[in-house]
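Have a look at the structure below, then the notes.
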Amino acid sequence: MDKFGLYVPQLLPFKEHFLPQAHPACMGCGVALGVRQAYKALEETKGWMKKASWEIPWEQPLPGSLIKSKKEKREMIRPAMLNIEKKSQASLLICFDNEAVEGKLSPTVFKKWIPAVAVARGLHYVATACPSYPFDLIDKVKRAMECEGSSYIHILSPCPVGWDFDSEFTVNIGRYAVECAIFPLYEVVAGDYRLTIDHPGVRPVEQYIKMQNRFKNFKQKDILEIQAEVDREYAKLREGKV
């Protein structure tokens, strides 16, 4: 059994605040998985649900029987942002990033600069997370709620429809994104930075790209260029530069 076969539900908080069957999300939806884990992290925070609002709504798609093509599903893909009010007029903003902007996929830009902007604006707590690493995600949401100032968490949410992969590989895709350093996991607390998951033997970017048909037209030259960029950026992160 590989590490993807680890059965973790028994180790997570038992109570469910988000029921997948109550929302017509696609099979293997990374946003649904991320929202579910975030809700579990916040279950001990009294009254948080009443103070939460969707800055960018996670709109319910059409019933499956009305969706006739993958193109129609793609047109409904969009990132979502949940804003949670904390004490002292502070807030926690969570972005569930499926790498889509107004229905169009944007695989490299969106996830890179938003956390950096949050750090530059002086937010007390800034972090990246992925539902493929549930304990890391849950811990970060809890820390974000406990800190005094405002906070921001950017959650990578693999999308089987938009990224064009089989829904059973959602968790694998998320882990590959972290292991190849395309989406590193880190946190910045009051300006102090640290990687929360650091893989000494970073996985080649090519393995991540070839798992998704949205990149089927990529040439080897394109992959090598991305690898070089990822190597540069990850080296900066290891030096504590966001």
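The values are calculated or read from the model by the stated rules, or taken from the named source; none is laboratory data. Since the model is a prediction, treat every value here as computed from it, not as a measurement. Reconstructed Cβ throughout: ideal geometry from the backbone, glycine too, with neighbour counts over all protein chains shown.
Points worth noting:
- Meets criteria (more than 25 Å from residue 118 (Cβ to Cβ) and either charged (D, E, K, R) or touching a Pro at 6+ places or on another chain (Cβ under 6 Å) (or both)) for residue 164: yes
- Residues (touching a helix residue (DSSP H, G or I) at 6+ places or on another chain (Cβ under 6 Å) and under 16 Å from residue 82 (Cα atoms)) located in the stretch 129-152: 129, 130, 131, 137, 138, 141, 142, 151, 152
- Pairs where the first residue, in the stretch 14-42, is over 14 Å from residue 162 (Cβ atoms) and among the aliphatic types (A, V, I, L, M) and the second is part of a helix (DSSP H, G or I) and at pLDDT 85 or above, C-beta under 6 Å, 6+ apart: 38/141; 41/138; 41/141; 41/142
- Some residue of the stretch 150-160 being at pLDDT 90 or above, more than 13 Å from residue 38 (Cα to Cα) and over 16 Å from the mean Cα position of the chain (by Cα): yes
- Screening residue 140 with (1) among the charged types (D, E, K, R); (2) surrounded by fewer than 18 Cβ atoms within 10 Å (Cβ to Cβ); (3) closer than 16 Å to residue 34 by Cβ; (4) touching an Asp or Glu at 6+ places or on another chain (Cβ under 7 Å) gives one miss only, at (2).
- For the stretch 178-199, the tally of residues that are more than 23 Å from residue 123 (Cα to Cα), touching a Lys or Arg at 6+ places or on another chain (Cβ under 7 Å) and not in a loop (DSSP other than H, G, I, E, B) stands at 1.
- Qualifying residues in the stretch 131-149 (those that are of a type in the set (Gly, Ala, Ser) and in a loop (DSSP other than H, G, I, E, B)) - the one farthest from residue 178 (Cα to Cα): 149
- Residue 195 being more than 17 Å from residue 30 (Cβ to Cβ) and either free of Cβ contacts under 8 Å to residues at least 60 places away in the same chain or touching a strand residue (DSSP E or B) at 6+ places or on another chain (Cβ under 7 Å) (or both): yes
- Residue list for the stretch 141-186, restricted to those being basic (Lys, Arg) and in contact (Cβ under 8 Å) with a residue 60 or more places away in the chain: 142, 175
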